[in-house]
Amino acid sequence: VLQFQDFFPGLINVAYVLRPASFLQKALSEVSSKIFKDEFKFRVVVCNYLEELHEHIDTSQLTADLGGDLPYCHEDWLKHRVVSEPW
């Protein structure tokens, strides 16, 4: 989450994080969020389930992997980035 601050040109007000499902990932997530909690310059909302995320973000703004219907193709996104990013 800290990397968002460095790579987005605009001001970030809130970041929504979907809590991992596996036990080990949950444990690592808990520890890291406690360590870095004070370093966030924006509000972080941790959602335990997709349905909870849907309470905050309309599904028309989410891709299929997050229960939404926003079309997304990673290969197309990469092609677009390569063309539009200065190297």
When every protein chain stays in place and a 1.4 Å probe is rolled, Arg19, Arg43 sorted by accessible area with the largest first are Arg43, Arg19
Amide H of Val17: which non-local residues (sequence gap of 5 or more, or other chain) have their own amide H closer than 5 Å, using H built in the peptide plane?
Val45, Val46, Cys47
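The values are calculated or read from the model by the stated rules, or taken from the named source; none is laboratory data. Here the structure is a predicted model, which means the values were calculated and not measured. Heavy atoms of the whole protein, side chains included, go into the accessibility calculation; ligands, DNA and RNA do not. Shrake-Rupley method; radii C 1.70, N 1.55, O 1.52, S 1.80 Å.
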